[in-house]
1. Can you name the residue in segment 254-292 that is touching a Leu at 6+ places or on another chain (Cβ under 8 Å) and of a type outside the set (A, V, I, L, M) and is also surrounded by the most Cβ atoms within 10 Å (Cβ to Cβ) among such residues?
2. I'd like the full set of residues that are outside any strand (DSSP E or B) and surrounded by fewer than 19 Cβ atoms within 10 Å (Cβ to Cβ), limited to segment 227-239.
3. For the condition in contact with a Gly (Cβ under 9 Å, 6 or more places away or on another chain), open to solvent by less than 40 Å² (accessible area, probe 1.4 Å) and at pLDDT below 65, what is the one hit in GLY112, GLY66, GLY78?
4. If ALA392 satisfies all but one of (1) modelled with pLDDT of 90 or more; (2) in contact with a Leu (Cβ under 7 Å, 6 or more places away or on another chain); (3) open to solvent by less than 30 Å² (accessible area, probe 1.4 Å), what's the number of the condition it fails?
5. Is segment 55-62 home to any residue that is part of a loop (DSSP other than H, G, I, E, B), modelled with pLDDT under 90 and not small (Gly, Ala, Ser)?
6. Strands (runs of 3 or more DSSP E) wholly in segment 245-346 with at least 2 residues that are modelled with pLDDT of 90 or more - which ones?
7. Please specify each residue of segment 162-207 satisfying the condition of being outside any loop (DSSP other than H, G, I, E, B) and of a type in the set (Asp, Glu).
8. Here's a check for you: in segment 31-54, which residue that is of a type in the set (Gly, Ala, Ser) and open to solvent by 30 Å² or more (accessible area, probe 1.4 Å) is modelled with the lowest pLDDT?
Amino acid sequence: MPFTILALIVVLGVLIFVHEAGHFVAAKWAGIYVHRFSLGLGAPIPWLTFRRGETEYSISWLPLGGYVKMASREEDIGSSALEGGAPPQPVPPDRVFEAKPIWKRMVVILAGVTMNALFAWAVFGFLAYKNGRQIDPVTTVGRVVEELVPPEAAALKEIRPGARIIRVNGDSAKTWDQVVSTIANTPDPDVRIELEDGSVLVLPIHPDALEERLKAAQSLQPFRAPVVGQVLPDKPAARAGIQEGDTIVAVNGRQVEQWYDLLEVLQSSPGRDLTIDVARGPQRLSFKVRPYVDTIPGVDGKPRAVGRIGVGVGPALASEKLTLGQAIAEGGKATLKASTQIVRTVRGLFSGRISGRTVGGPILIGQLAGQSARLGLDTFIGFMALISINLAILNLLPVPVLDGGQFLFLLAEAVIRRPVPVKLRDRLTTVGLVLIVLLMGLAFSNDLRRIFGG
């Protein structure tokens, strides 16, 4: 638990700082007087506060966000208490927020989400440059997991092992990643899969039905030769003498054509003695192995007992080194892909195609942050980039207390050539606050449901 809490603090702390730093730098550039830069909401903590120049830098008591308190002619009812109350010092009239041209104020409002998007782009680009592009050149189907196939994708059950996918929605399928990504992310109303034998499958899954799209993509598993790529020490396979590079040819006399055939037998045989025949160069060897019992999540999400012997499939991925320019482009593509996915999620929630029970709050984010941190630095900062682009997109929603709502006020001011009436803004802001509170309540209740199984 402490590790998870620490991971959550790091993720939220960094991303809130990035967002508010965008507002802060833009405000300084526009010549707006900045009273306070704060991590956290509410009044500043006295011993974690210092002043440099005209601006006070602080960490505040409520660790649920942050703010840049800019000089304004009026105190916003939605932000006065959250931003530590009214500032004590007077400000020159030409340095308040409202005194600046509308286009400069728009830049200031959008600077936070821009910084979040740039942060995500930088992280995705860095990971692409560091690790290269992982390519899975296989487009041959090894199996279809029928339990995962949603009703709209029932045509997938017609695919037989060994069938090769050549096109998805008209695009040539050169890698397995292209197959999965196109099925999950194409904006087309249908998914059209063309096989090498000339047959065509059409899956009528709406683009906003993300869960169904994802299940359809995950139900297809690529062909994997039954070659041992990893042998874990002190596990049954290692103790029996199985080595990396061995090809599994049979289990208890049953022929093994691909890796899934091996998994099927092993997972259904915990605690039972098995005879595994392998090919090692010109030799054919037999080993006696007893799988140990392990648990994995079932299709229904509940744990189920399976047998394992401590081997992993041989690597099918190839790594392509990228230049700096290619990595930057790859980071941009990853950022755009994540943004599109989030927009579709929000759209799906409003249309009812995605259940509100899938919404997560700080507890879920903390759990995912802890899990990603345990998987290594690359996974952790990749998770941070994903949350960063989430924050950017969600902040653009047209809700008055968010950046998107404030931008709409400025846009309206530009059109009608005068500020939106204060009373109207206050009422809309109050509605926005109520909406945010309700959404936070839904997210938190979903977190509790996940924890207690309700």
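The values are calculated or read from the model by the stated rules, or taken from the named source; none is laboratory data. Predicted model only: the values in this text are computed from it and were never measured. For neighbour counting, all protein chains shown are included, and Cβ atoms are generated from backbone atoms with ideal geometry for every residue, glycine included. Heads up: the accessible areas ignore ligands, DNA and RNA and are worked out on the full protein's heavy atoms, side chains in. Shrake-Rupley method; radii C 1.70, N 1.55, O 1.52, S 1.80 Å.
1. PRO291
2. We begin by selecting, within segment 227-239, every residue outside any strand (DSSP E or B); these are 232-239.
Residues satisfying the conditions are LEU232, PRO233, ASP234, LYS235, ALA238, ARG239.
3. On the way: GLY112 fails: at pLDDT below 65; GLY66 fails: at pLDDT below 65.
Sole residue among the options that is in contact with a Gly (Cβ under 9 Å, 6 or more places away or on another chain), open to solvent by less than 40 Å² (accessible area, probe 1.4 Å) and at pLDDT below 65: GLY78.
4. (2)
5. Within segment 55-62, the subset part of a loop (DSSP other than H, G, I, E, B) is none.
Within segment 55-62 (the criterion being part of a loop (DSSP other than H, G, I, E, B), modelled with pLDDT under 90 and not small (Gly, Ala, Ser)), the answer is no, since none of the residues qualifies.
6. Working: elements: 247-251, 274-280, 283-289, 292-297, 303-308, 311-313, 318-320.
In segment 245-346, 247-251, 274-280, 283-289 are the strands (runs of 3 or more DSSP E) which contain 2 or more residues that are modelled with pLDDT of 90 or more.
7. Filtering segment 162-207 for residues outside any loop (DSSP other than H, G, I, E, B) gives 164-168, 171-172, 176-185, 191-195, 200-203.
Result: ASP171, ASP177, GLU194.
8. Start the filter on segment 31-54 by keeping residues that are of a type in the set (Gly, Ala, Ser), which leaves 31, 38, 40, 42-43, 53.
Pick out the ones that are also open to solvent by 30 Å² or more (accessible area, probe 1.4 Å) and you get 43, 53.
Details: ALA43: 81, GLY53: 87.
Only one residue tops the list, namely ALA43.
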